[in-house]
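See below for the structure under consideration.
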Amino acid sequence: MRDVISLSPTEAACLTALRCGTTRKARIAFQAHLDPRQTDQALEGLAALDIATVDGRRTWHLTRMGETADVLIAPPVGKRGREPGQGWHVGPAATRLLALLDRPRHGADLRTPLGVTRERVRQLVVTLFARDLIRAADVVSPSFAIARKEDPALLLCLDQERVLSAFPETEATTLSKIALVAAKGRTRVAATAESLRGLGLIEKTGVATYGDLYRLTPDGAAHWQRSADKPRAALPTPPFRSARVREVLSHLEREGPTRTRDIGHRLDIPQTSINALMQCLKRKGAVRVQSDARHAPHELTRAGRAVLARMRREAKGAAAA
């Protein structure tokens, strides 16, 4: 028969955080939506009940009872005075931190203007979060990126910021190139990139020799967490190198949507060759059919324009050399 333990709401919230694998006090407080004082009291209560224990590195762990026992949440004991959280005064340091959040910020940037330590910034962030006055991007690192609760700005976690900052300014690149710069595993970068794509900060533009091509959207390029100081990923090997491809793409840029047969006639390319070439360009995302109609004209995609611009730059560089 499983043990049943009676806990206060704050103790139960901390136990839930511990059972989710959270071990540091600041992160437990953030996940439990408690301020540091409440968290200290709740963790001390769990330790007194032999449900949790803390080691020499101030890391909290569950005991066997904490891992398996069923929880019964006791009703709060009635006390005189105001209800918890009602009219709570957050203190001068927290008030100054709030005043600095006229725009979203990294917690690390608040240490100097506040004149406090990194740990103190973390405590203030946890307190303000418990009072529902701010938002944070990352439960693992609550003070990483924060904003006022009413500020609609998009906040990114650390992985998202690193991947976004690794993208070149205007060109498309592959996730393998991003992974090299961001120093993250390919699978992790792919998951992060998919989240950024869902947020509208990057987009898939085509296919390179060794993977799909992604590039920043205007919103991604302008996002406040995209660091100007971080190294950018290298560009992948161009999917096309031949002068014939450059001629075809240039023709579509100049003339607009054109049927395959007309491109072949205009550029003096045999029908079999132009058919194969247009199919290749379509697979690589450089061109697309304008409609579903038979013999519909082809047009340049955004990726095709980027490929053409790069081919022209490389041809110009080779000529200058």
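No value in this document is a laboratory result; all are computed from the given coordinates. Predicted model only: the values in this text are computed from it and were never measured. As a convention, Cβ positions derive from the backbone with ideal geometry for all residues, glycine included, and neighbour counts pool all protein chains shown.
Straight-line cross-link partners of Lys184 among the lysines, defined as a Cα under 16 Å from its Cα and at least 8 positions apart when in the same chain: Lys230.
Partners of Lys282 within straight-line reach, counting lysines whose Cα lies under 23 Å from its Cα and excluding those fewer than 8 residues away in the same chain: Lys204. The Cβ shell under 9 Å around His298 holds other residues with a net charge of +2, Lys and Arg each +1, Asp and Glu each -1. Put simply, the amide H of Leu7, placed in the peptide plane, has neighbours under 5 Å in Leu72, Ile73, Ala74, leaving out anything fewer than 5 places away on its chain. Close amide H pairs (under 5 Å, H built 1.01 Å from N) link Ala52 with Ala47, Thr63, residues at least 5 positions away or on another chain. Backbone amide hydrogens, once placed in the peptide plane, bring Val287 within less than 5 Å of Lys282, Thr301, excluding anything fewer than 5 places away on its chain.
From helices alone, the chain scores -14000 deg cm²/dmol at 222 nm; the rule is -39500 (n - 2.57) for each run of n ≥ 4 DSSP H residues, then divide by the residue total. Compared with the direct C-alpha span, the chain from Thr217 to Arg305 gains 30.2 nm at full extension, assuming 0.36 nm per residue. For the listed peptides 135-143, 91-99, 156-164, a ranking on the average number of other beta carbons within 10 Å per residue, highest first, reads 156-164, 135-143, 91-99.
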